[in-house]
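Q: Dumping the structure here so I can ask a few things about it.
Any read-out appearing in this document is the output of simple, stated calculations on the displayed coordinates, not a laboratory observation. Keep in mind that what you see is a predicted model, and the values were worked out from it rather than measured. Glycine gets a Cβ as well: all are built from the backbone with ideal geometry, and neighbour counts include every protein chain shown.
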Amino acid sequence: MTAFARVTAVLALWAASLSPAIAADELVTTARLPDGETIPYMVTDAPVAPRFAVVLMPGGSGRLEPRIEDGRLKFSFGGNFLIRSRRLFADSDFVAIAADATGAAERMLALVADIERRFVGVKIYIVGTSASTRATMSLARTIDGRVAGFIHTSSFSEISGLDTRGLKSRNLLVHHANDICRVTPFWGAERAHERYQTPLIAMRGGISVGDDCEVRAHHGYNGIERETVEKIKAWIRTEP
């Protein structure tokens with residue numbers, strides 16, 4: 001190797017060390033229902049042997065619909081809090097899984113089984129936000145004990161009636177204290193915390209822009225995505 005080539009190689013390694021790693025998204029189509037229907041999902045920057053997997057379900061219609069078009073991975077709801085934050089979840093301990101929102105136990109269990117085959121020994125947490133917390137609330141009852149836990153962020157007000165006492169899976173509430181969306185008031189999560197002692201992470205700060213129920217309002221943790229995700233991951237890591 002010439003002196004010039006050696007210097008070039010050293011500079012390249014130095015530059016790489018200064019650049020943060022960019023998480024990669026991969027479309028996975030191996031999850032299937034008993035009738036053969038495929039359940040597509042995205043895996044973001046999977047470590048070799050993750051300790052935890054977070055299944056991220058977008059709000060709204062919940063239709064992520066990951067697919068390959070013109071040779072590129074495409075999906076909907078890229079601006080949703082959980083989907084736009086998927087790279088913040090991914091690290092050496094965590095793999096981020098993004099999928100269509102579903103409250104159907106059979107469908108979620110098929111997805112869970114595929115994740116467990118792919119990442120042996122991983123502990124799975126199912127995460128919903130806004131409208132998809134209706135799915136996490138339902139699953140918290142129907143597949144309790146089958147996964148490590150459920151995380152309900154910016155929950156619909158009916159979260160106030162979700163009694164998590166006695167459940168085998170862990171449950172966590174995450175809500176912005178200034179969320180004034182008409183269907184996801186902070187009091188719902190606060191009441192569930194007071195009634196049933198379900199752990200609650202109350203977020204503050206950030207910037208609220210536009211519709212109170214949209215992704216760039218406090219409802220979507222705009223400007224505090226990293227802090228919110230880090231608090232969720234810290235709670236997961238404190239599992240008994």
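Q: Evaluate the charge dipole of the chain about its Cα centre and quote only its size in Debye, nearest 20, assuming +1 on the Cβ of each Lys and Arg and -1 on the Cβ of each Asp and Glu.
A: About 440 debye.
Q: Note the angle between two axes, namely the Cα long axis of helix 133-142 and the longest principal axis of the Cα atoms of the chain, as a number of degrees from 0 to 90, rounded to the nearest 10.
A: Relative to the chain, helix 133-142 is tipped by roughly 80 degrees.
Q: Another question about this same structure. In whole Hz and in residue order, list the ³J(HN,Hα) couplings for the stretch 218-223 that follow from phi through the Karplus curve 6.51 cos²θ - 1.76 cosθ + 1.60, θ = phi - 60°; x for Gly and Pro.
A: Here the 3J(HN,Hα) series is 4, 3, x, 6, 4, x Hz.
Q: Measuring from a point 7 Å past the Cα of D91 along Cα-to-C-beta, which residues in the stretch 206-232 have an amide N at less than 19 Å?
A: The answer is 223-232.
Q: I need the calculated FRET efficiency for the pair N178 and R32, taking r as the beta carbon distance and R₀ as 35 Å, to the nearest 0.05.
A: Result of the calculation: an efficiency of 0.25.
Q: Give me the lysines in straight-line cross-link reach of K168: C-alpha distance below 23 Å, same-chain residues under 8 apart excluded.
A: By straight Cα distance, K168 reaches K123, K231, K233.
Q: If you don't mind, there's one more thing I want to ask. Assuming 0.36 nm per residue, please report the length gained on full extension of the stretch E227 to V120 beyond their Cα-Cα distance.
A: Net length gain for the segment: 35.6 nm.
Q: I would also like to ask the following. In whole percent, what relative contact order does the stretch 25-237 give with Cα contacts below 8 Å and a gap of six or more residues?
A: Working: 480 pairs, mean separation 36.0, N = 213.
Dividing the mean separation by the residue count of the stretch 25-237 yields 17 percent.
Q: Angle check, please: helix 3-18 long axis (alpha carbons) against the longest principal axis of the chain (alpha carbons), in degrees 0 to 90, nearest 10.
A: Taking the Cα atoms of the chain, the angle to 3-18 is about 10 degrees.
Q: Exposure proxy check: F75, F150 ranked by fewest other beta carbons within 10 Å?
A: Starting with the residue having the fewest Cβ neighbours, the order is F75, F150.
Q: A further question on this structure: How much net charge surrounds A131 when only the other residues with a Cβ under 15 Å from the Cβ of A131 are counted, with Lys and Arg +1 and Asp and Glu -1?
A: Numbers: positive: R63, R134, R182; negative: D100, E158, D179, D211, D212, E214.
Its environment carries a net charge of -3.
Q: Out of residues 5 or more away from H176 or on other chains, whose amide H comes under 5 Å of its own, with H placed 1.01 Å from N in the peptide plane?
A: The answer is S154, M203.
Q: I've got another one for you. Stretched out fully, how many nm does the piece from R204 to R146 gain, at 0.36 nm a residue minus the Cα gap? Don't jump to the answer; show the numbers that get you there.
A: Numbers: separation 58, 0.36 × 58 = 20.88 nm, distance 3.24 nm.
Roughly 17.6 nm would be gained on extension.
Q: Let me ask another. Calculate the spin-label point distance for E239 paired with K74, positioning each point 7 Å from the Cα along the beta-carbon direction, and give it in nanometres.
A: 3.6 nm
Q: Right, next: Over all distinct Cα pairs, what is the inverse of the mean 1/r for the chain, reported as the Kirkwood hydrodynamic radius in Å?
A: 18.7 Å
Q: Also, quick follow-up: So how tilted is helix 105-118 from the main axis of the chain? Cα-based, degrees 0 to 90, rounded to 10.
A: Around 30 degrees separate the two axes.
Q: Here's another thing I want to ask about it. Under the rule of -39500 (n - 2.57) per DSSP H run of 4 or more residues, summed and divided by the residues of the chain, what mean residue ellipticity at 222 nm is obtained, to the nearest 500 deg cm²/dmol?
A: -9000 deg cm²/dmol
Q: Using θ = phi - 60° and the Karplus form 6.51 cos²θ - 1.76 cosθ + 1.60, what ³J(HN,Hα) does each residue of the stretch 63-78 get, whole Hz, x for Gly and Pro?
A: 8, 5, 6, x, 7, 9, 10, 6, x, 10, 6, 10, 7, 9, 6, x
Q: Can you put M203, M108, M57 in order, fewest other beta carbons within 10 Å first?
A: Ranking M203, M108, M57 by Cβ neighbours within 10 Å, fewest first, gives M203, M108, M57.
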